[in-house]
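The structure appears right after this line, and notes come after that.
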Amino acid sequence: MPSPQAPPMAGTAIDPTSVRPDLADAQIERVAPASLRARLEALKSEGYAMLLDIGGVDYPRRDARFDVVYHLLKLPVSSATVQEIGTPNRIRVLCAVPENVALPTVSDLWKNADWAEREIFDLFGIRFDGHPDMRRIQMPTHWEGHPLRKDYPVRGPARERAPRPDFANKGNVPAGTPPTGKSAQVLEEQNVAQDHKR
Amino acid sequence: MSVSSTPLEPLGSEVLLQDGNAMVLSMGPQHPSTHGVLQIMLEIEGETVVKAEPEIGYLHTGIEKTAENLFWTQAQTVIERMDYLAPESNALCYCLAVEKLLGVEAEIPERATLIRVLVAELTRIASHCVWLGTHGIDLGALSIFFYCFDLRENILDLQEAAGGARMHPNYVRVGGVNGDLPDGFLTRLDALIEKFPGRMRELRALLQKNPIFQDRTIDVGIVSAEQAVGWALTGPALRASGVAYDVRRAFPYCGYDKYEFDVPTRKEGDAYARFLVRLDEMDEAMRIVAQVRKALRPGPTMSSNVKFAPPPKETIAISMEALIHHFKLVSEGFRVPPGDVYASVEGPRGELGYYVVSDGGNRPYRVRTRPPSLYNLQALKGMAPGNLIADLVVMIGSMDPVFGEVDR
């Protein structure tokens, strides 16, 4: 688990997603977890054949803590030229989901949701009901905690440090101090050998 | 490759053997043809793959998490390291997203936009060079590697001249590009433009009609248009299946709608089609570079809005305001108004997107990457079953994954 002494992230954001409708990079929709599956199914049948990406955002100070963000693209499912595609519709579906609430999977609608949902589970700890293979994808299987949560320390959980090796504990030795221990022995042997040569 | 008769630890239970004939084989993560650290848990019968489950995450470095804790400008340093073969595409996409949030798209000087297109297209060629060379090596064609890396070296030289570093020049910045092109850059660029068609002829002559290469790639790893869209393949992998979706045409950015270039597509959807599409793309990329070269006019390369763009270095010694702005930008960065935005560019591997959220602070609140390699690689699960292990190597190569980006 993340160490308790880790400083909380800035986290001033409560919900910056709805404040800038002028950034019209896509059609934007917000749906509740309960109606998410139905809405995405409807979009799929409307022709949003490509699930571009699923992302997650953590707003720890909000009631529904996480945002799961779906980007969909309306593409034909057969060969198409540049002119036929034109500027396809792009839609962003945001779903606010509280901690410990699972979302329905869409991995049966769009195959590539498989890894995307696993990544969100791995890094945010949001589960997806009905996913065929809900396990970690980026972090090792035995990992504890979900790194992209804002309360997870950047440098990872506090760990016990390995003890310093003996030679590192001796402190500074003033210049000119004659060597002791094994190095003295080695020097002695070298001197003997040189004397012998002479 | 290590062989084991019992299922290995990271497997899900559904990969357990159904009968006595199949064997579980762990391919990677040190296998040379996996282009990095990809492990594939294979269930095989003889040489035939029954099921393939790629295991990723060996190169997970937490770039998205790290970016949240750096200034907007600093974050670019780690973001460039995701797709290390095309760092400038990453930087460009991230900068476009941040500029959208800042609302300063109109303030980017024209010369800066042109230079951005120039480096983005050069980086596409360089990235395809690495792909072509390593794809050749996977199939036992060693010579092409040296030709490709020689050509790539020419581009990296230009990149170094412009940005100061071969691999991660961090040249595209929020507000423009970092410094003008150096003296002599255009002469070297002209030389490259001139010799490029000959180089491409060489590269094509080495592999395109090679019967062994054709045997290994034609009808291998076939992806239909429907499957490609369903797996969210983008870039050359999607266009080799006939769907001409190219972000540069569908959602033009940086004035791509002004350039004349074709979007190469094939209908076959096999590894050879992906090979041809990428080769054609290299030609088209150089066509764009040549058009940019003609359009380049002297002018500023960085926005003059000192609230987010650092003032020119020369002015710092003589202007107190410039020094103050410089100090502020370096010591505490700039603030970005709250909001969220999705920006995408056509990277060498496909649609590279950034979903960026700002809470009004001087650090990104969230930087979510849409990594094309991740989704392209995932399609292996659907492509591999029923094929030989040797063909799996071809499929991985033809998808051109970069693991810095898959694992982030």
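The values are calculated or read from the model by the stated rules, or taken from the named source; none is laboratory data. Values in this document were obtained by computation on a predicted structure and should not be read as measured data. Quick reminder, even Gly has a Cβ in these numbers, built from the backbone with ideal geometry, and neighbours come from all protein chains shown.
From the list B:290, B:271, B:237, B:295, which residue is touching a residue at least 24 places away in the same chain (Cβ under 8 Å), over 17 Å from the mean Cα position of the chain (by Cα) and crowded, with 21+ Cβ neighbours inside 10 Å?
B:271
Is it the case that some residue within segment B:205-212 is at pLDDT 90 or above, in contact with a Ser or Thr (Cβ under 7 Å, 6 or more places away or on another chain) and either within 14 Å of chain A (Cβ to nearest Cβ) or assigned to a helix (DSSP H, G or I) (or both)?
Among the residues of segment B:205-212, not one is at pLDDT 90 or above, in contact with a Ser or Thr (Cβ under 7 Å, 6 or more places away or on another chain) and either within 14 Å of chain A (Cβ to nearest Cβ) or assigned to a helix (DSSP H, G or I) (or both), which makes the answer no.
Of (1) assigned to a loop (DSSP other than H, G, I, E, B); (2) polar (S, T, N, Q); (3) touching a residue at least 40 places away in the same chain (Cβ under 8 Å), residue B:227 satisfies all except one. Which?
Of everything listed in (1) assigned to a loop (DSSP other than H, G, I, E, B); (2) polar (S, T, N, Q); (3) touching a residue at least 40 places away in the same chain (Cβ under 8 Å), residue B:227 misses just condition (1).
So, in segment B:290-314, how many residues would count as being in a helix (DSSP H, G or I) and not β-branched (Val, Ile, Thr)?
Total satisfying the criteria: 7.
Considering segment B:167-184 alone, what residues qualify as being within 24 Å of residue B:96 (Cβ to Cβ) and surrounded by fewer than 17 Cβ atoms within 10 Å (Cβ to Cβ)?
Hits for segment B:167-184 are B:167, B:179.
Take residue B:348 and decide whether it is closer than 23 Å to residue A:124 by Cβ and modelled with pLDDT of 90 or more.
Spelling it out, it is not the case that residue B:348 is closer than 23 Å to residue A:124 by Cβ and modelled with pLDDT of 90 or more.
Among the residues that make up segment B:58-72, is at least one of them away from every other protein chain (no Cβ under 11 Å) and among the hydroxyl-bearing types (Ser, Thr, Tyr)?
There is no residue in segment B:58-72 that is away from every other protein chain (no Cβ under 11 Å) and among the hydroxyl-bearing types (Ser, Thr, Tyr).
Keeping to segment A:83-102, report how many residues are in contact (Cβ under 8 Å) with a residue 24 or more places away in the chain and facing another protein chain (nearest Cβ under 7 Å).
Within segment A:83-102, residues that are in contact (Cβ under 8 Å) with a residue 24 or more places away in the chain and facing another protein chain (nearest Cβ under 7 Å) number 1.
Being charged (D, E, K, R) and not in a helix (DSSP H, G or I) is true for just one of B:183, B:190. Which residue is that?
The unique qualifying residue is B:183.
Just the residues that are in contact with a Phe, Trp or Tyr (Cβ under 9 Å, 6 or more places away or on another chain) and of a type in the set (A, V, I, L, M), please, taken from segment B:346-382.
B:356, B:357, B:367, B:374, B:377, B:379
Given the structure, is residue B:262 part of a loop (DSSP other than H, G, I, E, B), within 14 Å of another protein chain (Cβ to nearest Cβ) and not basic (Lys, Arg)?
Judged against the criteria, residue B:262 is a match.
Tell me which of these residue A:80 doesn't satisfy, since it passes every other one: (1) in contact with a Pro (Cβ under 6 Å, 6 or more places away or on another chain); (2) at the interface with chain B (Cβ under 8 Å from one of its Cβ atoms).
(1)
Answer with yes or no whether residue B:303 is in contact with a Gly (Cβ under 7 Å, 6 or more places away or on another chain) and away from chain A (no Cβ under 14 Å).
In short, yes.
All but one of (1) part of a loop (DSSP other than H, G, I, E, B); (2) modelled with pLDDT under 90; (3) of a type in the set (A, V, I, L, M) hold for residue B:233; which doesn't?
Checking residue B:233 against (1) part of a loop (DSSP other than H, G, I, E, B); (2) modelled with pLDDT under 90; (3) of a type in the set (A, V, I, L, M), the one that fails is (2).
Might you let me know whether segment B:112-130 holds any residue that is in contact with a strand residue (DSSP E or B) (Cβ under 6 Å, 6 or more places away or on another chain) and closer than 19 Å to residue B:284 by Cα?
yes
Among the residues of segment B:247-256, is any free of Cβ contacts under 8 Å to residues at least 40 places away in the same chain, among the hydroxyl-bearing types (Ser, Thr, Tyr), within 13 Å of chain A (Cβ to nearest Cβ) and assigned to a loop (DSSP other than H, G, I, E, B)?
There is no residue in segment B:247-256 that is free of Cβ contacts under 8 Å to residues at least 40 places away in the same chain, among the hydroxyl-bearing types (Ser, Thr, Tyr), within 13 Å of chain A (Cβ to nearest Cβ) and assigned to a loop (DSSP other than H, G, I, E, B).
Looking at B:194, B:226, which one is within 14 Å of chain A (Cβ to nearest Cβ), surrounded by fewer than 20 Cβ atoms within 10 Å (Cβ to Cβ) and out of contact with any Asp or Glu (no Cβ under 8 Å at 6 or more places or on another chain)?
B:226
Restricted to segment A:65-77, and to residues that are more than 9 Å from chain B (Cβ to nearest Cβ) and among the charged types (D, E, K, R), which residue is surrounded by the fewest Cβ atoms within 10 Å (Cβ to Cβ)?
Checked segment A:65-77; the qualifying residue surrounded by the fewest Cβ atoms within 10 Å (Cβ to Cβ) is A:74.
If you go through segment B:100-119, how many residues are within 13 Å of chain A (Cβ to nearest Cβ) and touching a residue at least 60 places away in the same chain (Cβ under 8 Å)?
Residues in segment B:100-119 being within 13 Å of chain A (Cβ to nearest Cβ) and touching a residue at least 60 places away in the same chain (Cβ under 8 Å): 5 in total.
Please tell me if residue B:148 is in contact with a strand residue (DSSP E or B) (Cβ under 8 Å, 6 or more places away or on another chain), within 22 Å of residue B:288 (Cα to Cα) and at pLDDT 90 or above.
no
Can you confirm whether segment A:104-120 contains a residue that is farther than 23 Å from residue B:236 by Cβ and within 7 Å of chain B (Cβ to nearest Cβ)?
Within segment A:104-120 (the criterion being farther than 23 Å from residue B:236 by Cβ and within 7 Å of chain B (Cβ to nearest Cβ)), the answer is no, since none of the residues qualifies.
Give me the pairs, please: first residue somewhere in segment A:122-139 and at the interface with chain B (Cβ under 7 Å from one of its Cβ atoms), second residue anywhere and buried (at least 16 other Cβ atoms within 10 Å of the Cβ) and of a type in the set (Gly, Ala, Ser), beta-carbon distance under 8 Å, and either six or more positions apart or on two chains.
A:137/B:57; A:138/B:57; A:139/B:57
Return the only residue of B:247, B:243 being assigned by TED's automatic domain parsing to the domain that holds residue B:88 and over 20 Å from residue B:270 (Cα atoms).
B:247
Name the helices (runs of 4 or more DSSP H) wholly inside segment B:68-142 in which the number of residues that are within 17 Å of residue B:247 (Cβ to Cβ) is 3 or more.
B:87-102, B:110-138
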